[in-house]
1. Working out 0.36 nm times the residue gap between residue 150 and residue 133, then minus their Cα-Cα distance, what length gain in nm do you get to one decimal?
2. Per DSSP H run of n ≥ 4, the term is -39500 (n - 2.57); total these for the chain, divide by its residue number, and report the mean residue ellipticity at 222 nm rounded to 500 deg cm²/dmol.
3. Which net charge results for the neighbourhood of residue 1, defined as the other residues with beta-carbon distances under 12 angstrom from its beta-carbon, given Lys and Arg at +1 and Asp and Glu at -1?
4. May I ask you to give the percent of accessible area on the chain that is carbon plus sulfur, with a probe radius of 1.4 Å?
5. How many nm separate the modelled label positions at residue 122 and residue 24, each set 7 Å beyond the Cα in the direction of the Cβ?
6. So for the chain, averaging the separation of alpha carbon pairs under 8 Å that are six or more residues apart and normalising by length, what relative contact order in percent results?
7. Kirkwood hydrodynamic radius of the stretch 64-129 from all distinct Cα pairs, in Å?
8. What percent do you get for the relative contact order of the stretch 72-153 when only Cα pairs under 8 Å and 6+ apart count?
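The values are calculated or read from the model by the stated rules, or taken from the named source; none is laboratory data. All figures in this text were calculated on a predicted structure; none of them were measured in a lab. Neighbour counts run over all protein chains shown; Cβ positions are idealised from the backbone, glycine included. Just so you know, the surface numbers come from the protein's heavy atoms only, side chains and all, with ligands and any DNA or RNA stripped out. Shrake-Rupley method; radii C 1.70, N 1.55, O 1.52, S 1.80 Å.
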Amino acid sequence: MKNTIVKYGTYGIITGFLVFTFHLIIGIDNFDYSTNEILGYLSIFLSLSFIYFAIKHYRDNVNNGVVSIGKGIVIGVLISLLVGTGIGIADFIYTKFINPDFFSNYEEMLRNQGREDEIIEMSSSFAALFMLVLVTIIGFIISLVSSLFLQRK
């Protein structure tokens with residue numbers, strides 16, 4: 001199980017890194033915050049899509065065609081933690097070093113739109129932790145659905 005988690009978790013991290021790099025190359029500043037948010041979620045879902053393939057691989061190639069819902073969830077959540085850590089580190093690097101004004105610019109945009117009540121005081125560390133938790137929660141949901149679909153007794 002460990003090899004499956006590391007292999008597919010690495011695929012997820014690499015995918016997230018490639019999408020993030022592509023996003024930087026085409027220019028984050030070329031898009032509004034809503035478009036960048038959509039691209040961010042797309043990156044998360046593409047990275048976490050490997051959960052399905054990991055559970056299927058484990059069932060078909062490692063565990064003699066059998067996987068329980070619980071085992072599938074464990075595989076998926078551990079992959080989510082790996083991917084979430086990678087995305088959290090990328091988010092930290094972006095907001096700390098590449099664009100240290102990100103949070104103040106985002107707050108200004110919210111104020112200009114009259115959405116002051118949505119402002120949350122953020123730091124690069126808190127944002128990275130938030131991304132880790134968010135990715136893990138989304139990964140849990142993907143793991144549950146994938147496990148339900150792929151389970152065999």
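1. Stretched fully, the residue 150-residue 133 segment lengthens by 3.6 nm.
2. Values: 6 runs with 112 residues, N = 153.
The per-residue figure over the chain is -25000 deg cm²/dmol.
3. Working: positive: 2, 7, 59, 71; negative: none.
Net of charged neighbours comes to +4.
4. Working: 5890 of 8950 Å².
Answer for the chain: carbon and sulfur cover 66 percent of the accessible area.
5. My value for the distance between the label points is 1.8 nm.
6. Details: 179 pairs, mean separation 52.8, N = 153.
It comes to 35 percent, rounded to a whole number.
7. On the way: mean 1/r = 0.0697 Å⁻¹.
By the Kirkwood definition, the hydrodynamic radius is 14.4 Å.
8. Values: 66 pairs, mean separation 45.1, N = 82.
Here the relative contact order equals 55 percent.
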